[in-house]
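So the structure is just underneath, and the comments pick up after that.
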Amino acid sequence: MLYVEENVPVKDPGDAESGPCKLETPGQTQEDKSNLEDHPPRLINTVNDVSKMSNETGMKRDFHMEEVLPQSSLEGKVKEKMHNAFWDHLKEQLSATPPDFSCALELLKEIKEILLSLLLPRQNRLRNEIEEALNMDILKEEAEHGALNVPHLSKYILNMMTLLCAPVRDEAVQKLENVTDSIWLLRGIFQVLGLMKMDMVNYTIQSLQPHLQEHSIQHERAKFQERLNKQPSLLDHTTKWLTQAVADLTTLPPTCPDTPDSSSVSCTSLNEAANSPEPLSPAMVLSQGFLNLLLWDPENEEFPETVLMDRTRLQELESQLHQLTILASVLLVASSFSGSVLFGSPQFVDKLKRITKALMEEFNSKSEEAMLMTVSEQVSQEIHRSLKNMGLVSLSSDNTASLIGQLQNIAKKENCVRSVIDQRIHLFLKCCLVLGVQRSLLDLPGGLTLIEAELAELGQKFVNLTHHNQQVFGPYYTEILRTLIPPRQALETEAQSV
């Protein structure tokens, strides 16, 4: 299986009865608990729903859930008005003579349920303490006699939140301790509790991710096998795809393309890793096969059956790769006219990136010629403005015209700069599959260093997708490759790996 970088696992929140319950505590070395019994029962239902998305969590190791509701959206505005109305009504009730505690009781009941949902099954003492402190029958009696002490209860809830919250919420909880207005305090408590509940859901998802991933692998493989049993020719396109990958590996050029500028960094080490003269191995063939999918002809209907579920994601990666090719090409051409002083400024490079990315998004449905015409104008203006601000010699009219012309020529697919950048990004992705993302970033070819962050994101997405696909369909690939890789080469590869 190809190398995939692993993230550090999330630590167990621990038992708050013996100390604060944190998602991550510096210096803690407790084992990661993956047993379902070690998670709040109320969250297990949520995780079961999330397991339906386990294919996504299998490919995204940083997968998490969050509530995203822009305040500018209609739904956000309606929600905000409803919340404001509730808190205004609560304030009126508590300010009345005698006070009306009906809304406050409902709020305390919901807060109690959230606190209980944050507990692990073994935290019985805390569970009993919350049940006793927020006993709704007793609170109703106190409310009926006008003796419900809302500030005292809020203080108790804050103390409990301090025990149960993740480190990222410590500051928010501490700020609430300084709030003196009862309504604003309850409002803040309810808001932070919502975030804490999402924190626990995300912790549970991450700690159960191996189970979710394995479930996804087994489920996808079983479904595919059912289809294969009914349709024995289901792997025909997959076989053609891998056959083409083998053919490509036997005809690939042995060296990197020449660089278009004298200051470019050598890509020798990357090339040696990706285009090794060693005998063909299943990993090499699959790497080449997945790279070929990023160049797939939309009119070719013989898309490999084992990758059909990932086709949309591959198209998204192809689009991202295409945009990075244009972005890197623009930056490379601009750097040859701007000099090392301007391009030694991260702020200037970021400005050119923002300009280019914004225009690519704006002209997404229009021609590249029109987009790059606008890009060339704005980039040349920004270069001229920055040179002037730094007291450097401005570009001559001839150089300006040459800069604009070269930027506009990037729209042509046969453009030299664009072709080289495109080949180097594909080489980088191939190295990611062979060496891993981080090692591939250590020696980027010339022209790619300015988009290192973007390449890292693209590379990790590509590695995650291919890794998950191979986990699901690995047995089928093994059987097909046995007929494609000469037995002698297979034996040599196996001997070298021992």
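Condition check ((1) touching a Leu at 6+ places or on another chain (Cβ under 6 Å); (2) under 23 Å from residue 131 (Cβ atoms); (3) touching a residue at least 60 places away in the same chain (Cβ under 8 Å)) across all residues:
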| position | (1), (2), (3) |
| --- | --- |
| 147 | no, yes, no |
| 150 | no, yes, no |
| 153 | no, yes, no |
| 157 | no, yes, no |
| 170 | no, no, no |
| 180 | no, no, no |
| 185 | no, yes, no |
| 213 | no, no, yes |
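Scanning region 294-331 for residues that are part of a helix (DSSP H, G or I) and either of a type in the set (Lys, Arg) or in contact (Cβ under 8 Å) with a residue 40 or more places away in the chain (or both) yields a count of 19. Yes or no: residue 180 among the β-branched types (Val, Ile, Thr) and in a loop (DSSP other than H, G, I, E, B)? Yes.
Of all positions in region 66-87, at least one carries a residue that is in contact with a Phe, Trp or Tyr (Cβ under 9 Å, 6 or more places away or on another chain), at pLDDT 70 or above and either of a type in the set (Asp, Glu) or open to solvent by less than 60 Å² (accessible area, probe 1.4 Å) (or both). Against the numbered list (1) modelled with pLDDT of 90 or more; (2) closer than 26 Å to residue 449 by Cα; (3) among the hydrophobic types (A, V, I, L, M, F, W, C), residue 296 comes up short only at (2). Only one of the listed residues (193, 116, 208, 176) is free of Cβ contacts under 8 Å to residues at least 24 places away in the same chain, open to solvent by less than 20 Å² (accessible area, probe 1.4 Å) and among the hydrophobic types (A, V, I, L, M, F, W, C). That residue is 176. Counting only helices (runs of 4 or more DSSP H) that sit wholly inside region 332-444, those with at least 1 residues that are within 21 Å of residue 458 (Cβ to Cβ) and touching a residue at least 24 places away in the same chain (Cβ under 8 Å) are 346-362, 368-389, 416-435, 437-441. Inspection of region 233-242 identifies at least one residue that is of a type in the set (Asp, Glu) and in a helix (DSSP H, G or I). Look through region 414-448, keep the residues that are within 11 Å of residue 329 (Cβ to Cβ) and among the charged types (D, E, K, R), and return whichever of them is surrounded by the most Cβ atoms within 10 Å (Cβ to Cβ). By that ranking, first place goes to 424. Checked against (1) open to solvent by 80 Å² or more (accessible area, probe 1.4 Å); (2) more than 19 Å from residue 421 (Cα to Cα), residue 369 passes all but condition (2). The residue list 303, 337 contains one member that is among the aromatic types (Phe, Trp, Tyr) and either under 30 Å from residue 232 (Cβ atoms) or open to solvent by 70 Å² or more (accessible area, probe 1.4 Å) (or both), which is 303. Quick one: which of 148, 153, 116, 139 is over 25 Å from residue 100 (Cα atoms) and either in a helix (DSSP H, G or I) or out of contact with any Ser or Thr (no Cβ under 6 Å at 6 or more places or on another chain) (or both)? Unique residue meeting the criteria: 116. Is it the case that residue 318 is within 24 Å of the chain's Cα centre (by Cα) and open to solvent by 20 Å² or more (accessible area, probe 1.4 Å)? So residue 318 fits the description; yes.
Looking only at region 191-211, filter to residues that are hydrophobic (A, V, I, L, M, F, W, C) and assigned to a helix (DSSP H, G or I); which one of those is farthest from residue 114 (Cα to Cα)? Per the criteria, the residue is 205.
Checked against the criteria, residue 342 counts as among the aliphatic types (A, V, I, L, M) and closer than 18 Å to residue 391 by Cβ. Looking across region 119-140 at every residue that is surrounded by 15 or more Cβ atoms within 10 Å (Cβ to Cβ) and in contact with an Asp or Glu (Cβ under 9 Å, 6 or more places away or on another chain), the one that is nearest to residue 200 (Cα to Cα) is identified as 120. You will find that of 96, 143, 166, 104, the residue that is free of Cβ contacts under 8 Å to residues at least 40 places away in the same chain and either among the small types (Gly, Ala, Ser) or open to solvent by less than 20 Å² (accessible area, probe 1.4 Å) (or both) is 96 and no other.
The values are calculated or read from the model by the stated rules, or taken from the named source; none is laboratory data. These numbers were taken from a predicted model, which means no experiment stands behind them. As a convention, Cβ positions derive from the backbone with ideal geometry for all residues, glycine included, and neighbour counts pool all protein chains shown. Only protein heavy atoms, including side chains, enter the accessible area calculation; ligands, DNA and RNA are left aside. Shrake-Rupley method; radii C 1.70, N 1.55, O 1.52, S 1.80 Å.
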